[in-house]
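The values are calculated or read from the model by the stated rules, or taken from the named source; none is laboratory data. Bear in mind the structure is a predicted one, so any value in this text is a computation, not a measurement. Cβ: placed from backbone, ideal geometry, glycine included. Neighbour counts: every protein chain shown. Just so you know, the surface numbers come from the protein's heavy atoms only, side chains and all, with ligands and any DNA or RNA stripped out. Shrake-Rupley method; radii C 1.70, N 1.55, O 1.52, S 1.80 Å.
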Amino acid sequence: MILCLRGIWGLVAGIIAISIATPFVSARIFDKWFSVPTAFYLAPLPIISVLLVVFVWWQLARLPLNHDRWSWTPFAAATALFTLAYGGMAYSFYPYVVP
């Protein structure tokens with residue numbers, strides 16, 4: 001279990017590194033992320049991502065539970081985290097993303 005708790009920081013470091021590097025790829029992406037109306041639309045993505053990381057950390061620290069109840073929630077939260085990261089990348093590179 002300790003390995004799982006340490007392993008989440010690799011995921012967090014990867015998402016942070018990509019999030020820091022993405023706006024500097026092109027001026028178009030930088031403007032898309034930091035212009036006033038769209039910055040408010042994108043603000044929920046990092047907020048929800050931080051909440052999901054805290055939730056996964058909390059859930060992994062509590063496992064195993066009696067009768068394996070709620071043991072699926074760290075997987076669901078990690079899947080949601082990857083989906084948010086992918087959605088943010090897709091938004092950043094749209095319409096130049098090859099589906």
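What the table shows:
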| read-out | value |
| --- | --- |
| Counted residues, segment 17-34 - those being within 13 Å of Tyr91 (Cβ to Cβ) and either within 11 Å of the chain's Cα centre (by Cα) or not charged (D, E, K, R) (or both) | 5 |
| Residue pairs meeting the criteria (Cβ under 9 Å; at least 6 apart or on separate chains; first in contact (Cβ under 8 Å) with a residue 60 or more places away in the chain and open to solvent by less than 80 Å² (accessible area, probe 1.4 Å), in segment 87-98; second of a type in the set (S, T, N, Q) and in a helix (DSSP H, G or I)) | Gly88/Ser19; Gly88/Thr22; Gly88/Ser49; Met89/Thr22; Ser92/Thr22; Phe93/Thr22 |
| Test: residue in segment 48-60 that is among the polar types (S, T, N, Q) and out of contact with any Pro (no Cβ under 7 Å at 6 or more places or on another chain) | yes |
